[in-house]
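Enquirer: What follows is a single structure, and I will ask about it in a moment.
The values are calculated or read from the model by the stated rules, or taken from the named source; none is laboratory data. Just so you know, these numbers come straight off a predicted model, no measurement behind them. Using ideal geometry, Cβ is built from the backbone for each residue, glycine included, and neighbour counts are taken over all protein chains shown.
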Amino acid sequence: MTTPYGQGPQQPDGQPGQPPAPYGQAPQSPPYGQPQQPYGPQPYAAPQMGYPAAPRGVKPYNYLAWSIVSIFLFWPTGIPAIINATKVDPAWQMGNAPMAQEYSNKAKKFSMIGTIIGAVCFVIWVIISLV
């Protein structure tokens, strides 16, 4: 098969190259060890996919267990504690160490506030129950 402009043989995909093998014969391949021609134009570089590498150092603690306990003690601060605790690991894996540390600090702060308020409410409830 030739090109419409008489430029020579084409491959079945429309690219110039060797003519197809006659019917009933196997197509000719290059000798052993020789590189084969790639099919179609190849991009210069494939785009890099995925997250960047995690930063070096120690990953901040996420305080997820403490925030789950604090939701039973005082839920208005337990919910933000859980939300911030679950954001620590993704921020670290994306390579954003300062943001991971900030989420860790917020989770600790909300968990501590919820635990203190819950403990104070429990003590007040016990005192009222005894009197």
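Enquirer: Check whether at least one residue in region 76-84 is without any contact (Cβ under 8 Å) to a residue 60 or more places away in the chain and in a loop (DSSP other than H, G, I, E, B), and report yes or no.
Expert: Initial filter on region 76-84 (without any contact (Cβ under 8 Å) to a residue 60 or more places away in the chain): 76-84.
Narrowing further to those that are in a loop (DSSP other than H, G, I, E, B): none.
No: zero hits.
Enquirer: Would a scan of region 26-35 turn up a residue that is more than 35 Å from the chain's Cα centre (by Cα), of a type in the set (A, V, I, L, M, F, W, C) and either at pLDDT 70 or above or assigned to a loop (DSSP other than H, G, I, E, B) (or both)? Write out each step before concluding.
Expert: Within region 26-35, the first condition is being more than 35 Å from the chain's Cα centre (by Cα), and the residues that meet it are 26-35.
If we keep only those that are of a type in the set (A, V, I, L, M, F, W, C) as well, we get 26.
Subsequent filtering for residues that are either at pLDDT 70 or above or assigned to a loop (DSSP other than H, G, I, E, B) (or both) retains 26.
Within region 26-35, one or more residues are more than 35 Å from the chain's Cα centre (by Cα), of a type in the set (A, V, I, L, M, F, W, C) and either at pLDDT 70 or above or assigned to a loop (DSSP other than H, G, I, E, B) (or both).
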